[in-house]
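**Student:** Here it is, the structure, as structure tokens.
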Amino acid sequence: MRRKRIFQFGLASLVFLWSVLALWITLSGRKTDLHKVDCIIVPGARVEVDGRPGLSLKARLDHAIALWK
């Protein structure tokens, strides 16, 4: 009985913390304080052997260039 209660409390705590984290991420992602910058960092993705960007990296780079302009 006691183990069941501890498990339920732990599970409820994890669900609560996950919900708070999801809410925080959602609310902080709504801020749009864009301003001019000198450079952009585009996180990595696949680069082909010949040096060309992979499809996902190309899409990320295209989007970053559009934002930069």
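The values are calculated or read from the model by the stated rules, or taken from the named source; none is laboratory data. Note that the structure is predicted; figures quoted are calculated from it, not measured. Every residue, glycine as well, gets a Cβ built from its backbone with ideal geometry; the counts of neighbours run over all protein chains shown. We work out accessible area using only protein heavy atoms, side chains counted, and drop any ligands, DNA or RNA first. Shrake-Rupley method; radii C 1.70, N 1.55, O 1.52, S 1.80 Å.
**Student:** Among all residue pairs at least 6 apart or on different chains, which show Cβ distances below 8 Å where the first residue, located in region 48-69, is among the charged types (D, E, K, R) and the second is open to solvent by less than 100 Å² (accessible area, probe 1.4 Å) and assigned to a loop (DSSP other than H, G, I, E, B)?
**Tutor:** Note: pairs meeting the criteria are Glu48/Gly54; Arg60/Val42; Arg60/Pro43; Arg60/Ala45.
**Student:** Something else: Scan region 22-44 for residues that are at pLDDT below 80 and over 16 Å from Ile65 (Cα atoms) and report the count.
**Tutor:** Final tally of qualifying residues: 3.
**Student:** Name the single residue, out of those in region 18-46 being part of a loop (DSSP other than H, G, I, E, B) and open to solvent by less than 100 Å² (accessible area, probe 1.4 Å), that is farthest from Leu57 (Cα to Cα).
**Tutor:** Applying the filter and picking the extreme gives Val37.
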